[in-house]
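Engineer: Quick one: this structure, given as structure tokens, is what I'll be asking you about.
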Amino acid sequence: MTRPLIAVAALGGTISMTPGGRIEDGVVPRLTAADLLGELGADLPMDVRAATLAGISSASMDYATLARCLVWGAEQVADGATGLVVVQGTDTLEETAYFFELAWPHDDVPVVVTGAMRNPSLPSADGPANLLASLTVAADPRSRGSLVVFNDDVHAARWVRKSHSSHLEAFSSAPAGPLGLVAEGSVHYFHPPLPRPPALPLADADFSGLVPLLEAGIADSGELLSLVLAGGARGVVVAASGVGHVSTGTADVIAAAKVPVVIASRTGAGPTFRGTYGFHGSESSLIRMGATMAGWLCPRKSRVLLQLLLATGASRSRIEAEFRLRGDLDR
Ligand code: ASP
């Protein structure tokens, strides 16, 4: 039997951060992909090819870096890779994983995104274990789509989010739960992933322009949204309260908006609604104004989807259709 060939792209993050000259200066990205793999020893049950494509904190992740990683991954697949592992910081890892869920064109080649909560200079640094578990999942022929492997759990990119700022158990797929876990060097899948809608082609994508994410809250006059729209935003995601509600002031601004406005729930779990409440600023009133509901997609993932759609010139009706397809599950 041929051994799996896994391509590993390192982009930076805590997993690669070590102290510099003065300890009080803190850790910064220094380790390469080869350094990270070197920690695992030579006795891996798969072949591995690795490249360091960036060395950044994931707060600075951008579409140029992600597009480079996507192209590099596709080249590796053309050259025989059967799985891809992307190593980066945990802070925006859920967005990177969702980017690959949307844009990775190879249905039968999984992409596994991972990182670490404890940097290599700390006791019980989790980077090597997370990387090894990710290689294991990427090499498993049952693995599909974009996955996050962290602390031995296997999460679907669609659901995963960073839900703790410092614990090793930093990622959650609530309310859906993880797809499986890794134990004794093998993958135990509990659920098959949902079928993946077709990948969004990114050739000629233009990521220029702003697509802000604003959160609704009390004492919200709508002034901030109005400033953002006047500033030339290409589209906006509103992290609305509850099932997709905003203040009357914000509703007035949305009613007059000339660019796509996506309404997601800020609650962290549960879908936006379509037709239960009727007040000005309710979900049904916002739909009548032309807003797109994100369904089960959280505000951050909604922003990634909206950015990709706008970057590829999608029309309003296509944006609506894509959010229904990817965010509404079976409704
Ligand atoms: N704390 C972060 C991490 O876990 C830093 C980053 O996201 O780059 O890697």
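Engineer: Among the candidates Leu309, Leu329, which residue alone is touching a residue at least 40 places away in the same chain (Cβ under 8 Å) and assigned to a loop (DSSP other than H, G, I, E, B)?
Structural biologist: Checking each option against the conditions leaves just Leu329.
Engineer: Looking at (1) modelled with pLDDT under 95; (2) within 30 Å of Thr2 (Cβ to Cβ); (3) within 16 Å of the ligand (Cβ to nearest atom), which is the only condition Val86 fails?
Structural biologist: (1)
Engineer: Name the residues in region 218-230 that are surrounded by 12 or more Cβ atoms within 10 Å (Cβ to Cβ) and in a loop (DSSP other than H, G, I, E, B), would you?
Structural biologist: Asp220, Ser221, Gly222, listed by residue number.
Engineer: Which residue pairs have Cβ atoms closer than 9 Å, lie 6 or more positions apart in sequence or on different chains, and pair a first residue in region 138-155 that is under 13 Å from Phe100 (Cβ atoms) and without any contact (Cβ under 8 Å) to a residue 24 or more places away in the chain with a second residue that is hydroxyl-bearing (Ser, Thr, Tyr) and not in a loop (DSSP other than H, G, I, E, B)?
Structural biologist: Note: no pairs meet the criteria.
Engineer: Being modelled with pLDDT of 95 or more, surrounded by fewer than 24 Cβ atoms within 10 Å (Cβ to Cβ) and either in contact with a Pro (Cβ under 7 Å, 6 or more places away or on another chain) or among the polar types (S, T, N, Q) (or both) is true for just one of Gly249, Gly290, Gly295. Which residue is that?
Structural biologist: Every option except Gly295 fails the conditions.
Engineer: Here's another thing I want to ask about it. For the list (1) assigned to a helix (DSSP H, G or I); (2) surrounded by 15 or more Cβ atoms within 10 Å (Cβ to Cβ), I need the number of the one condition that Arg318 fails.
Structural biologist: Condition not satisfied by Arg318: (2).
Engineer: Of the numbered conditions (1) in a loop (DSSP other than H, G, I, E, B); (2) over 21 Å from Leu325 (Cα atoms), His191 fails exactly one; give the number of that condition.
Structural biologist: So His191 meets the others, but not (2).
Engineer: Also: Across region 52-67, which residue is nearest to the ligand (Cβ to nearest atom) among those that are within 19 Å of Val111 (Cα to Cα) and loosely packed, with under 15 Cβ neighbours inside 10 Å?
Structural biologist: Ranking the candidates gives Asp62 first.
Engineer: Only residues in region 225-245 that are free of Cβ contacts under 8 Å to residues at least 24 places away in the same chain count as the first member; pair them with residues that are buried (at least 19 other Cβ atoms within 10 Å of the Cβ), Cβ under 7 angstrom, at least 6 apart or cross-chain, and list the lot.
Structural biologist: Pairs that qualify, where the first residue is free of Cβ contacts under 8 Å to residues at least 24 places away in the same chain and the partner is buried (at least 19 other Cβ atoms within 10 Å of the Cβ), are Val228/Leu214; Val228/Val236.
Engineer: Further question: Out of everything in region 1-16 that is more than 15 Å from the ligand (Cβ to nearest atom) and either polar (S, T, N, Q) or surrounded by fewer than 16 Cβ atoms within 10 Å (Cβ to Cβ) (or both), what residue ends up being farthest from the chain's Cα centre (by Cα)?
Structural biologist: The selected residue is Met1.
Engineer: Still on this structure, I have one more. Identify all residues within region 17-39 that are without any contact (Cβ under 8 Å) to a residue 40 or more places away in the chain and within 16 Å of the ligand (Cβ to nearest atom); write none if there are none.
Structural biologist: Gly20, Asp25, Gly26, Val28, Pro29, Arg30, Thr32, Asp35
Engineer: Scan region 100-124 for residues that are assigned to a loop (DSSP other than H, G, I, E, B), in contact (Cβ under 8 Å) with a residue 40 or more places away in the chain, of a type in the set (A, V, I, L, M, F, W, C) and within 16 Å of the ligand (Cβ to nearest atom) and jot them down.
Structural biologist: Ala116, Met117
Engineer: Are there any pairs, at least 6 apart or on different chains, whose C-beta atoms fall under 8 Å, with the first in region 40-60 and part of a loop (DSSP other than H, G, I, E, B) and the second within 16 Å of the ligand (Cβ to nearest atom), and if so, which?
Structural biologist: Leu40/Pro128; Leu40/Leu131; Ser57/Gly12; Ser57/Gly13; Ser57/Pro29; Ser57/Gly89; Ser57/Asp91
The values are calculated or read from the model by the stated rules, or taken from the named source; none is laboratory data. None of these values were measured; they are calculated from a predicted model. When we count neighbours, we look across all protein chains shown, and the Cβ atoms used for this are built from the backbone with ideal geometry, even at glycine.
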